[in-house]
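The values are calculated or read from the model by the stated rules, or taken from the named source; none is laboratory data. This structure is a prediction, so every number in the text was calculated from the model and none was measured. Positions of Cβ are backbone-derived with ideal geometry, glycine not excepted, and every protein chain shown enters the neighbour counts. For accessibility, only protein heavy atoms count, side chains too; no ligands or nucleic acids. Shrake-Rupley method; radii C 1.70, N 1.55, O 1.52, S 1.80 Å.
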Amino acid sequence: MRRPASSMLLTAGLFALPLGWALLLLIVPYLLMIAVGFWTRQFPLFVPDFQFGNYLQLFSDPQYTTVILRTLKIAAMVTGCALILGYPLAYFLVFTLRSDRLRNLIYMAVIVPLWVSYLLRAYTWKIILGTDGALNSALIWLGLIDTPLDAFLYNQTAMVITLTYIFVPFMVMPIYAVLENIPKGLIEASEDLGIGPLGTFRHVIAPLSLGGVVAGAMMTFCLSFGDFVAPVLVGGPDGTMVANLLQTQFGAALNWPLGSALATLVLIMVLAILGLTGWAERASARNLR
Amino acid sequence: MSARPIVTLDGVTKSFGSFKALHETSFSIGEGEFVTLLGPSGCGKTTTLRLIGGFELPSSGKIGIAGQDVTTNPPYRRPVNTVFQDYALFPHMTVAENVAYGLTVRGATVARSDIPRQVAEVLEMVGLSQMGGKRPGALSGGQKQRVAMARALIRKPRVLLLDEPLSALDVKLREVMQVELKRLHRELGITFLMVTHDQTEALALSNRIVVMEAGRIRQIGTPNDLYDRPATPYVADFIGATNLIEARYAGREAEFDLITLPGGAQLRRKTAGNGGFHPGSAVLIGIRPEHLRPAAGDNLVQGRVVDTLFHGDSIRLEFLPDGATQPAFAQLARGSSLSADALLPGQPIRFAVAPEDVMLFAKVAA
């Protein structure tokens with residue numbers, strides 16, 4: 001028996017809004033972006049076209065390849081730093097700390113900054129690393145240097161530090177979740193079978209927490225890859241990242257076709273990373289069944 | 001216990017915060033024995049096992065294994081291995097990898113090339129020869145149990161610790177695994193120390209049983225000892241069911257203790273010597289349901305039928321002994337001489353008890 005027409009109408013009405021929203025504000029813009037990437041710029045106009053000149057320019061002009069490679073490098077470094085900081089912290093919270101209250105407190109301390117404005121948090125590092133900043137003051141007070149150094153700010157190290165600070169919660173959260181889900185009995189079983197703490201970490205905890213590491217690395221990498229605030233605030237002259245380049249193409253340079261091609265390229269790269277990590281996660285999940 | 005001790009606990013206590021999980025406890029286990037720690041949940045039996053395994057450190061006292069003081073040793077420096085209650089198999093490894101795990105330790109005496117042969121041998125021993133390539137997730141409960149056994153046994157431990165090993169299995173499988181455990185113990189000659197709350201399991205498997213209650217050992221003995229000569233009413237009731245009836249000690253006559261039942265009738269108990277009771281003191285007598293025979297004669301317990309429960313091969317009869325406040329139970333054979341009318345609620349009934357089947361305990365304030 002078919003459902004009454006009124007019920008079907010209700011179902012359609014219920015989903016029309018979210019579906020329409022997705023179509024109008026997500027799918028159509030993406031299609032437009034991809035299309036415009038093949039257009040030609042005839043200053044000050046953009047002419048509909050189908051040619052690969054924009055992509056050719058992106059791959060041949062060292063200005064663009066340098067920035068893309070730099071962005072990849074910085075995103076990878078941020079991911080590495082966040083992992084080095086985040087994993088031990090999550091491990092400490094789950095396995096070493098005995099007090100539940102202290103554990104929740106520290107975990108909240110990691111998460112709470114996410115409620116504070118991103119800009120504010122990035123700007124804070126400008127204050128810490130700057131010539132009159134907290135770091136210089138501390139070093140002078142300690143007597144290690146006589147005059148403030150300007151080496152801390154406006155370089156790639158400052159960007160990595162700032163981005164690591166901002167995105168480290170995205171690394172801690174998934175790792176914490178997987179570590180917390182490892183039955184304590186497995187660790188006891190490993191030690192019972194004669195394997196010490198290091199071996200137990202290598203053979204039991206590390207493989208079982210791989211899924212969380214992959215998820216955390218994926219989020220941290222993609223978020224840093226698309227960042228455009230840190231380069232502006234603390235990055236300095238050689239700190240430009242892909243997102244800044246995009247901003248320029250759609251703004252000052254007024255070259256939407258090139259910007260669209262670049263945006264499409266970024267999209268493909270991010271999708272490739274997502275696909276790769278999704279595959280890695282499924283593979284590690286298969287291992288756990 | 002004739003064999004030399006392999007595990008000794010000497011004045012061991014364990015507290016978790018203000019909770020005393022284990023009061024001062026000393027006992028030892030002989031080499032090759034099958035010993036069971038028996039008691040209800042929270043009695044300290046699992047804590048005792050975890051102290052021996054090294055997963056908890058004692059608050060005081062000493063633990064020795066195979067002549068070595070291991071009181072503060074971590075689990076990986078003790079010659080014991082554990083079969084965990086939930087098996088704790090590594091989900092990311094195959095059955096064979098799980099079993100081989102304990103041989104991969106650095107400094108192991110096993111040559112790397114010899115590991116596959118040993119794994120195959122142990123899997124064969126527990127009847128899982130074909131399962132080496134599977135993951136634990138694809139196994140049934142009984143198979144996981146066997147893998148857990150194989151994984152522990154491949155290390156050739158001096159003592160195998162078993163934490164409620166059969167509690168997660170269904171009744172039929174549990175009986176199969178009981179036979180299996182007994183076989184492995186017999187064939188390997190390794191000392192087994194098992195924790196269980198199931199008295200039938202303990203009676204069926206152990207050489208000796210350690211009965212625990214509220215963080216203390218109540219009695220240690222062979223299954224026969226505990227069944228025939230329980231030291232306290234608690235043990236009497238925990239090992240097999242026992243009817244406990246409040247009564248009064250009346251005196252001694254030849255080789256018998258005389259006990260006055262609450263209804264006024266007198267019961268004789270055959271013992272070698274007086275247990276130190278004074279005439280007139282309050283006592284508890286214990287009689288097992290299977291020792292109550294519906295009959296005339298002397299040495300009788302009389303009462304009135306409360307209810308009957310059909311148990312298939314037997315009938316469980318609930319009756320209220322004259323003058324008692326708590327009902328008692330008798331176990332009647334199916335073809336019992338009692339007529340159906342005699343079993344109706346409210347009917348008077350009497351049971352004869354052999355004088356040697358009456359247990360006597362001092363009554364302690366609850």
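Kindly evaluate residue B:61 against the criterion of being more than 14 Å from every other protein chain (Cβ to nearest Cβ) and touching a Gly at 6+ places or on another chain (Cβ under 7 Å). Against the criterion (more than 14 Å from every other protein chain (Cβ to nearest Cβ) and touching a Gly at 6+ places or on another chain (Cβ under 7 Å)), residue B:61 qualifies. Beta carbons closer than 8 Å, at least 6 apart along the sequence or on distinct chains, pair a first residue in segment B:283-311 that is touching a residue at least 60 places away in the same chain (Cβ under 8 Å) with a second that is of a type in the set (Lys, Arg) and open to solvent by 70 Å² or more (accessible area, probe 1.4 Å) for B:283/B:248; B:283/B:363; B:284/B:363. For segment B:226-248, the condition holds for at least one residue, the condition being that it is more than 26 Å from residue B:316 (Cα to Cα), in contact (Cβ under 8 Å) with a residue 24 or more places away in the chain and either open to solvent by less than 40 Å² (accessible area, probe 1.4 Å) or not assigned by TED's automatic domain parsing to the domain that holds residue B:38 (or both).
Against the list (1) surrounded by 13 or more Cβ atoms within 10 Å (Cβ to Cβ); (2) small (Gly, Ala, Ser); (3) assigned to a helix (DSSP H, G or I), the condition residue A:253 fails is (3).
Note on segment A:88-137: residues that are modelled with pLDDT of 90 or more, small (Gly, Ala, Ser) and closer than 30 Å to residue A:232 by Cβ amount to 1. Is at least one residue of segment B:149-162 without any contact (Cβ under 8 Å) to a residue 60 or more places away in the chain, within 13 Å of chain A (Cβ to nearest Cβ) and part of a helix (DSSP H, G or I)? Yes, segment B:149-162 has at least one match.
Hey, does segment B:21-40 have a residue that's over 22 Å from the mean Cα position of the chain (by Cα) and hydrophobic (A, V, I, L, M, F, W, C)? No, segment B:21-40 contains no residue that is over 22 Å from the mean Cα position of the chain (by Cα) and hydrophobic (A, V, I, L, M, F, W, C). Can you work out which of the residues in segment B:136-148 that are more than 12 Å from chain A (Cβ to nearest Cβ) and assigned to a helix (DSSP H, G or I) is nearest to residue B:89 (Cα to Cα)? The extreme case among them is B:144.
The set of residues from segment A:210-228 being farther than 16 Å from residue A:177 by Cα, open to solvent by 30 Å² or more (accessible area, probe 1.4 Å) and either within 14 Å of chain B (Cβ to nearest Cβ) or of a type in the set (Phe, Trp, Tyr) (or both) comprises A:221, A:228. Cβ-Cβ contacts under 6 Å between residues 6 or more apart (or on different chains), taken from a first residue in segment A:263-274 that is among the polar types (S, T, N, Q) to a second residue that is surrounded by fewer than 16 Cβ atoms within 10 Å (Cβ to Cβ), are listed as A:264/A:34.
Among the residues of segment B:166-189, not a single one is touching a residue at least 24 places away in the same chain (Cβ under 8 Å), of a type in the set (D, E, K, R) and within 14 Å of chain A (Cβ to nearest Cβ).
Considering B:124, B:97, the condition of being of a type in the set (Asp, Glu), under 19 Å from residue B:184 (Cα atoms) and in the same structural domain as residue B:181 (by TED's automatic domain parsing) is satisfied by B:124 alone.
Restricting attention to segment A:183-209, the residues being in contact (Cβ under 8 Å) with a residue 60 or more places away in the chain and surrounded by fewer than 19 Cβ atoms within 10 Å (Cβ to Cβ) number 1. Taken over segment B:300-315, the residue count meeting the criterion of being more than 14 Å from residue B:245 (Cβ to Cβ), open to solvent by less than 80 Å² (accessible area, probe 1.4 Å) and not hydrophobic (A, V, I, L, M, F, W, C) is 4.
The rows are residues; the columns are (1) in contact with a Lys or Arg (Cβ under 7 Å, 6 or more places away or on another chain); (2) open to solvent by 10 Å² or more (accessible area, probe 1.4 Å); (3) touching a residue at least 40 places away in the same chain (Cβ under 8 Å); (4) not hydroxyl-bearing (Ser, Thr, Tyr).
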| residue | (1), (2), (3), (4) |
| --- | --- |
| B:29 | no, no, yes, yes |
| B:32 | no, yes, yes, yes |
| B:35 | yes, no, yes, yes |
| B:48 | no, no, yes, no |
| B:52 | no, no, yes, yes |
| B:58 | yes, yes, yes, yes |
| B:65 | yes, no, yes, yes |
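Answer with yes or no whether residue B:82 is part of a strand (DSSP E or B), of a type outside the set (Asp, Glu) and at the interface with chain A (Cβ under 9 Å from one of its Cβ atoms). Considered against the rule, which asks whether it is part of a strand (DSSP E or B), of a type outside the set (Asp, Glu) and at the interface with chain A (Cβ under 9 Å from one of its Cβ atoms), residue B:82 comes out as yes. Would you point out the residue of segment A:168-182, among those that are within 14 Å of another protein chain (Cβ to nearest Cβ) and surrounded by fewer than 20 Cβ atoms within 10 Å (Cβ to Cβ), that is farthest from the chain's Cα centre (by Cα)? Among those residues, the one meeting the criterion is A:182.
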